[in-house]
Amino acid sequence: MMKNIFVALLVLFPALSFAQITKTDEAFTDVFKVNNKVVFIKEINIKNKTQEEAYKQLKKWTKVNFAKDLFNASMHSDDAKKLINAKSRIELVLPENSHGIKERMVMRYRLEAYFLENLCIVEVTSILYQNQQKRNTNSLGKNIDAESLITNEALALSDENSETRLNTKKSTLYFLNDLIDSLQKTLEQN
């Protein structure tokens, strides 16, 4: 038994060492990858609640944030596993660039939330972008994955898209922190 736990930890540790797992009152500050994919992981302490109570609040929050616009979002819940899956599409307005233009970037993402002991674990994955201003002329391509756009490796590239990449990273972190903060406040309510 102990040997199996040790082997499992050895397998998981390298993957998790490259992910930013933020705790309850921490914000996402950078972009990390797990198995070469951008993943944001947040642990939210559910404190004095049962998983059932927290799951009900999570489900209600998800319906408000993802089920109201079926054209741009969808959600699925598994009551037996206390698991939520949601997909969404939002438009990010990037910070003003050096030419005084605020570019717009459509971001698609997947959110999954589940419970482990007294924690709600939220993972945001499968991030894909479309630049609205440069749709036909963008050298980045039509659909741009997060790995090619907002990672430290992508930001290290110096070309005509450097500022767009940096501004997309800033807007992505701002949006995700705001989204997860909203969920955390919901789960803290009694």
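Would you please give the FRET efficiency between L70 and D145, computed as 1/(1 + (r/R0)^6) with r the Cβ-Cβ distance and R0 = 22 Å, to the nearest 0.05?
E between L70 and D145, to the nearest 0.05, is 0.35.
Go from 0 up to the bin containing the longest alpha carbon distance in the range 79-122, width 5 Å each, and give me the % of pairs per bin.
With a bin width of 5 Å, the distribution comes to 6, 17, 17, 14, 11, 11, 10, 8, 5, 3, 0.
Evaluate the Debye formula for the range 67-190 with equal point scatterers sitting on the alpha carbons, no solvent, and hand back log10 of I(q)/I(0) at q = 0.19, 0.22 Å⁻¹, in q order, two decimals.
-1.08, -1.32
Estimate the FRET efficiency between D181 and R110 by the formula 1/(1 + (r/R0)^6), using the beta-carbon distance for r and 30 Å for R0, to the nearest 0.05. Mind dumping the intermediate values first?
Values: r = 19 Å, r/R0 = 0.63.
Efficiency, from the Cβ-Cβ distance: 0.95.
Would you mind getting the accessible area per residue of the range 24-79, heavy atoms of the protein chains only, 1.4 Å probe, in Å²?
Details: 3360 Å² over 56 residues.
That works out to 60 Å² for each residue.
Can you send over the carbon and sulfur percentage of the accessible area for the range 81-190, probe radius 1.4 Å, protein chains only? All intermediate terms of the calculation are to be shown ahead of the outcome.
Numbers: 2580 of 5670 Å².
Carbon with sulfur: 45 percent of the solvent-accessible area.
Quote the relative contact order of the range 58-109 in percent (integer), defining contacts as alpha-carbon pairs under 8 Å separated by 6+ residues. Before the final figure, lay out each step's value.
Working: 68 pairs, mean separation 13.2, N = 52.
It rounds to 25 percent for the range 58-109.
Could you tell me the calculated FRET efficiency between E153 and L83, based on Cβ-Cβ distance and R0 = 30 angstrom, to the nearest 0.05?
Values: r = 32 Å, r/R0 = 1.06.
Once rounded, the FRET efficiency stands at 0.40.
Checking the table K63/K102; K81/K169; K142/K170; K37/K82 against a 28 Å threshold on Cα-Cα, which pairs fail?
Working: K63/K102 31 Å; K81/K169 33 Å; K142/K170 20 Å; K37/K82 25 Å.
The answer is K63/K102; K81/K169.
The values are calculated or read from the model by the stated rules, or taken from the named source; none is laboratory data. Remember, predicted model here, so these are calculated numbers, not experimental data. All Cβ positions, even for glycine, are placed from backbone atoms using ideal geometry, and neighbour counts span all protein chains on display. Just so you know, the surface numbers come from the protein's heavy atoms only, side chains and all, with ligands and any DNA or RNA stripped out. Shrake-Rupley method; radii C 1.70, N 1.55, O 1.52, S 1.80 Å.
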